[in-house]
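Below is one structure; the comments refer to it alone.
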Amino acid sequence: MNQYLSIMVVGSGAREHVISKAYERSPQVNRIIVAPGNDFIGYRRQKEVVIDKECSLKDPNSILALAKKYKPNLVDVAQDDALAQGTVDLLEENGFPVFGPRKNAARIEWDKRWSREFMQRHGIPQPEFRYFEEENSAINYAEEIYRKDPSRLTYTKATGLCSGKGALKSTSLEQTLRNIKRMKTFPDRAGDIFLIEEGLVGEEFSYYAISDGKTYYIFKSAQDNKTVLNFDEGDQTGGMGAISPAMITLPFAGQIEQEMILRAIRGMASEGNYYKGILYLGGIIVDGNPMNIEYNARWGDPECQVVLPSVETDYVDIVLACLERRLNKIQVQQDNKTRVCVVGSSRGYPNDYSEVKGKRINGLEEAMETDGVAIFSAGVDVEDGKFYANGGRLFSVVAEGNDILEAKQRAYSAMARISIEGNNLHYRTDIGWRDVERFLKERL
Ligand code: GLY
């Protein structure tokens, strides 16, 4: 490829903001298009960044139309709906080089039943699960398992994509029965199928590998915080904060790689489904054993915000090596910093936050000036240099440090400078607490 590439990133959140920064850092890139993006992604950039909202992530033809308009040298399809809709396949059929798995490979995320059965075929450690096509047999199954163990933890899971909110936790039969009924209300179910899974108890982690179908490279680990409130309480969200690396994973690195990354990539290849792109493993350590909660076919959000900035190697070189199936031929360098991300959301998220739309966000620029801090946006409108809320998760405050204490302190001192008129900013105040405790223990 020539020098001065133009790259199109498909997605609209803080994850796509940080991906666009990774491309911006490459001396080979002079133009980035983010589709549909959000206003703040284009704010105060060093290179030309075009935000084009004339597309829908659920409509691959609308993405193709933008690719034809901008003629990028590379398209990075980063968002789950776009992957599930076959955007990669359509762009490739039209001659564009595309980073991201094709629809059949992205199935590992968008069809939870298929994914569990794939893991079963390849001996990947996972919870017990059953799938159902109608309510009555699910109710009978729930009654049977709670008869044996009334305090059992279960998850009732929609099969399709639900913006990270499709897994409903239950600790009693009554709650499970309510959650079975709620399955009907999920819009993106794949058919009428849903799962009931054994709930695993332990500490969660996220792992990211870039795979060219045969070989792979594993990035630094991370840990997401999925519930809306401190102490892991409240409703599930898309993610309220993250740290990287996640110390819990360190003793298990070899086992996680062998049992859950290698087996998945080889398993996909053995089924003729070469996995090209980012493979995201959501895992949990249960009694000293790493187990799989889920696979996703992309970077996590907010984990991407804490992992990707650590990559020192030109991201374009890594992605091109992936597309050319020579990932094992390049050296990838990552820094030794610790990063903490705290997500700022509209008060009310993940439920009704409609009253916050259009409210003024203050202090974002001051926060960006905090040493070692960057802001990535998911729902920030920019008008006449002022910022306005437009969404549930609005922005990620990401701080780097030499250790978890420094990174956490910087993230929260930046966040303290931000507010939304009417006291409408919500964020968790406990992001990173587990590793703070581990770090302090090690130091004593
Ligand atoms: N961090 C959760 C997700 O990206 O699905």
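We did not get these values from a lab; they are worked out from the coordinates using the rules stated. For clarity, every value in this text was computed on a predicted model and none was experimentally measured. As a convention, Cβ positions derive from the backbone with ideal geometry for all residues, glycine included, and neighbour counts pool all protein chains shown.
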Open item on the list: Charges on Cβ only, +1 for Lys and Arg, -1 for Asp and Glu, centred on the Cα centroid of the chain; of ILE124, HIS426, SER6, which one is farthest towards the dipole's positive end?
Closed with: SER6
TODO: Give me ILE63, ILE33 ranked fewest to most by other Cβ atoms within 10 Å of their Cβ, as a rough exposure proxy.
DONE: ILE33, ILE63
Open item on the list: In whole Hz and in residue order, list the ³J(HN,Hα) couplings for the range 74-86 that follow from phi through the Karplus curve 6.51 cos²θ - 1.76 cosθ + 1.60, θ = phi - 60°; x for Gly and Pro.
Closed with: 8, 10, 10, 8, 9, 10, 4, 4, 4, 5, 5, 7, x
Task: Phi-based couplings in Hz for the range 259-273 (Karplus 6.51, -1.76, 1.60; Gly and Pro marked x) - done: 8, 10, 9, 4, 4, 5, 5, 5, x, 4, 4, 5, 9, x, 10
Open item on the list: Explain nothing, just compute: Karplus ³J(HN,Hα) = 6.51 cos²θ - 1.76 cosθ + 1.60, θ = phi - 60°, for every residue of the range 125-136 in order, whole Hz, x for Gly and Pro.
Closed with: x, 8, x, 5, 8, 9, 10, 9, 10, 8, 5, 4
TODO: Starting with the highest mean, order 291-301, 147-157 by the number of other Cβ atoms within 10 Å, averaged over the residues of each peptide.
DONE: 291-301, 147-157
Task: Which of ILE33, ILE285, PRO350, positive extreme of dipole for the chain (C-beta unit charges) - done: ILE33
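Magnitude of the Cβ-charge dipole of the chain, K/R +1 and D/E -1, about the Cα centre, nearest 20 debye?
Roughly 420 debye for the chain.
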- [ ] Measure up LYS184/LYS357; LYS112/LYS165; LYS157/LYS184 against 19 Å on the Cα-Cα distance and list the ones that go over.
- [x] LYS184/LYS357
Task: Antiparallel content of DSSP bridges confined to the range 1-131, in %, to 5 - done: 0
